[in-house]
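Q: If you scroll down you'll find the structure; I have some questions about it.
The values are calculated or read from the model by the stated rules, or taken from the named source; none is laboratory data. Fair warning: this is a prediction, and the values are worked out from it, not measured in the lab. Using ideal geometry, Cβ is built from the backbone for each residue, glycine included, and neighbour counts are taken over all protein chains shown. Surface accessibility is based on the protein's heavy atoms, side chains included, excluding ligands, DNA and RNA. Shrake-Rupley method; radii C 1.70, N 1.55, O 1.52, S 1.80 Å.
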Amino acid sequence: MSALDLPLREQAAAVARGDVDPAELLDEALARIERRNPAINAVVETFPERSREMLAAAPDGPLRGVPLVIKDEWPLPWRAQRFGAAELLAPTTPGESGPYRALRNAGATIVGVANMHELGAGSTGNVSYYGPARNPWNTERCPGGSSSGPAAAVAARLVAGAVGADGLGSVRFPAAYCGLTGLKPTFGRSAMAGHHMADVTTLIVSGPLCADAADCRLLGSVLFGEELSAGEAAGLRIGVVRDTVSEDVAPEVREACEAAVEALRAEIGGEILDVSLADLEAATLAAILLVNGESLGGVTPERLNRMSPEVSPIARGFIKYRMLLPAAATVQASRVRTLMRRRLAVLFAEVDALAWPTVPAVAPPLTEPLVELPSGTHTADQANVRGAALANLTGIPSISVPVGLSSDELPIALQLSAAWGRDELLLDAAEALERANGRRWVESLPPLAQAEPEAAEA
């Protein structure tokens, strides 16, 4: 077994003990990217000399010598972020983003920049200036977006951890499609400096994508700048909302998620409670309005008309739509946010976590990202946002955890959400769920991660 196949925390421990040479680990990661990445287009740029410089200067932090990738949404000192687009509406420059500084100070080595859905405007990852990223479980399927490359890279075991960003589900969707654990932190807890919307966004957060909850806890602690202590989720009160988010779901997904909730309850001696949460649809629309309105800085009709023809028609359409949003709609969206925060405050006095499927169907085809649900055929974007938007709108933390495989061997995921600031509880619950299923799903590997004999890794 290659050291690169170890969990993130075990790689870090092996380097700290002196059992693994970090320079060799870096070279192995670069070599694996060269071999495996062409099939999935997860990593859009490597910079071996810059990575070696990071390693040479790495302090003895919790991730010293461990290779990671970072989404194309964050600037690096030697590279500006490009958002998976041919051109941006506002200029970007190289710099020390918050996630870069957090990784550097922890001793990590950034081995590459990962692909993303163009301008962060999709849940599938099937559109990017670099070409679409592909799902390691089936390269004809979507990897999820907009953190498509980070998820595909970890699922294919190019690296053991990646930094994404979540503004409307963009860590959780790819975690779900690729069979990973992805944490959307409480708003304001994780590193955001250097993001082009850091000063204006009320929804976007950086977040970790890893194979399991313990690795997410380690990488999350680095991004948060504080230790996310492990605890017990004993006696957890799990709220299940009987609404579209849990009922208008593909049968296999619903069955796997209901079984996972029951397994979690049994593991921690908890309780499952049916709860109601009115106006989820309005909350989804409010989050969409706010994230679109906040991204309009610097946009003018003249600037839009001068955009590169290589920007996709879909992206152009979205930008034009944003410019037509009335201010009154944004004000109303803010009122809906206040309403939903108050309702959640009441609800979280009765339950500790809310549970429903992260996405209502497994990863759709790259060429036609549609999903079949009890209510009919929907675009994946239309269906996915219903279950994700609430966490971004209200700022609460959410985590996506793998809970099964469909009949066509594609991952199924459950989302858990908790009250503001209770990120650690979600990680505790995710680890309890892993114990309940014998770690079967977090240790499942896609075909691409099994494609090479051990000798090939040497």
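Q: Examine the range 145-156 for a residue that is in contact (Cβ under 8 Å) with a residue 12 or more places away in the chain and farther than 17 Å from ASN37 by Cβ, and state whether such a residue exists.
A: yes
Q: Take the conditions crowded, with 20+ Cβ neighbours inside 10 Å, in contact with a Leu (Cβ under 6 Å, 6 or more places away or on another chain), modelled with pLDDT of 95 or more and hydroxyl-bearing (Ser, Thr, Tyr) and apply them to THR109. Does it pass?
A: Yes: the conditions hold for THR109.
Q: Could I ask something else about it? Inspect the range 303-316 for any residue being within 20 Å of THR202 (Cα to Cα), open to solvent by 30 Å² or more (accessible area, probe 1.4 Å) and either touching a Ser or Thr at 6+ places or on another chain (Cβ under 6 Å) or acidic (Asp, Glu) (or both) and give the result as yes or no.
A: The answer is no; no qualifying residue exists.
Each row is one residue, and each column tells you yes or no for (1) out of contact with any Asp or Glu (no Cβ under 9 Å at 6 or more places or on another chain); (2) closer than 30 Å to VAL159 by Cα; (3) among the basic types (Lys, Arg).
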residue: ASP199; (1), (2), (3): yes, no, no
residue: VAL222; (1), (2), (3): yes, yes, no
residue: SER229; (1), (2), (3): no, yes, no
residue: GLU258; (1), (2), (3): yes, no, no
residue: ARG265; (1), (2), (3): no, no, yes
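This table checks each residue for (1) under 23 Å from the mean Cα position of the chain (by Cα); (2) open to solvent by less than 50 Å² (accessible area, probe 1.4 Å).
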| residue | (1), (2) |
| --- | --- |
| SER295 | yes, yes |
| VAL299 | no, yes |
| TYR321 | no, no |
| ALA328 | no, no |
| GLU350 | no, no |
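Q: Now for a different question. Which of the numbered conditions does TRP356 fail, given that it passes all the others? Conditions: (1) part of a helix (DSSP H, G or I); (2) within 19 Å of ASP423 (Cα to Cα).
A: Just one mismatch for TRP356, condition (1).
Q: Here's something else I'd like to know. Search the range 1-37 for residues being closer than 24 Å to VAL442 by Cα and either among the hydroxyl-bearing types (Ser, Thr, Tyr) or open to solvent by 70 Å² or more (accessible area, probe 1.4 Å) (or both), and hand back the single one that is modelled with the lowest pLDDT.
A: MET1
Q: Would you list the helices (runs of 4 or more DSSP H) that sit entirely within the range 149-258 and hold 1 or more residues that are open to solvent by less than 10 Å² (accessible area, probe 1.4 Å) and within 14 Å of LEU427 (Cβ to Cβ)?
A: Per the criteria, 172-178, 213-224.
Q: Could you list, in sequence order, the residues of the range 244-285 that are closer than 18 Å to LEU390 by Cβ and without any contact (Cβ under 8 Å) to a residue 60 or more places away in the chain?
A: Within the range 244-285, ASP274, SER276, ALA282, LEU285 qualify.
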